[in-house]
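Report on the following structure.
The values are calculated or read from the model by the stated rules, or taken from the named source; none is laboratory data. This is a predicted model, so every value here is computed, not measured. As a convention, Cβ positions derive from the backbone with ideal geometry for all residues, glycine included, and neighbour counts pool all protein chains shown.
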Amino acid sequence: MRSASVIARKMDRSIARLAPALLAEMEDEVAERGRKIGCRDPVKLHAIRKSLKKLRYAAEDMQSVFPRKKGKRFVKSARKLEKKFGRLNDMASARRLLAILGADGDAGLLPAIAAMDMWCENREKKMMAGLEKGWRKYREAPRFWE
């Protein structure tokens with residue numbers, strides 16, 4: 001009967017052989033969707049975020065079969081970029097809710113709703129600049145599986 005450590009080592013070797021192709025394919029999807037990084041369409045930006053999140057999870061899970069330092073920088077840059085996408089998605093959600101509130105709400109609330117919407121729009125503009133900078137940093141991070 002084989003010991004658990006022998007089986008674990010064999011599994012690590014199998015994952016190490018499969019991981020580069022899998023991670024490269026997932027990264028290609030992120031890069032393809034990332035070509036739309038400059039758009040302000042929340043649906044397209046959210047699709048980039050979801051692809052990035054899947055890649056980050058896979059990279060974190062498979063990182064153990066590669067040298068630790070190599071994977072750390074990539075995962076960190078992906079996590080930071082994912083958070084930027086998340087904050088931008090939060091602003092888009094807030095604006096959608098404000099639009100609903102404005103359509104269904106009391107006329108007395110309209111000035112406050114307009115002010116909040118303007119604040120959200122200004123934050124989105126700043127976040128877009130930060131998102132594009134984060135995207136460049138993410139693209140510069142070495143792909144530890146290559």
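Overview of results
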| quantity | calculated |
| --- | --- |
| Test: residue in the range 84-94 that is closer than 17 Å to residue 15 by Cβ, assigned to a helix (DSSP H, G or I) and in contact (Cβ under 8 Å) with a residue 12 or more places away in the chain | no |
| Cβ-Cβ under 7 Å pairs, at least 6 apart or on other chains, the range 113-129 side surrounded by fewer than 17 Cβ atoms within 10 Å (Cβ to Cβ) and modelled with pLDDT under 95, far side part of a helix (DSSP H, G or I) and hydroxyl-bearing (Ser, Thr, Tyr) | none |
| Checking residue 37 against (1) assigned to a loop (DSSP other than H, G, I, E, B); (2) farther than 16 Å from residue 141 by Cβ, the condition it does not meet | (2) |
| Qualifying residue in the range 3-22 (condition: surrounded by 17 or more Cβ atoms within 10 Å (Cβ to Cβ), under 30 Å from residue 127 (Cβ atoms) and touching a residue at least 24 places away in the same chain (Cβ under 8 Å)) | no |
| Residue list for the range 51-74, restricted to those being surrounded by 15 or more Cβ atoms within 10 Å (Cβ to Cβ) and within 11 Å of the chain's Cα centre (by Cα) | 51, 52, 53, 55, 56 |
| Yes/no for residue 79 being surrounded by fewer than 18 Cβ atoms within 10 Å (Cβ to Cβ), under 30 Å from residue 16 (Cα atoms) and free of Cβ contacts under 8 Å to residues at least 40 places away in the same chain | yes |
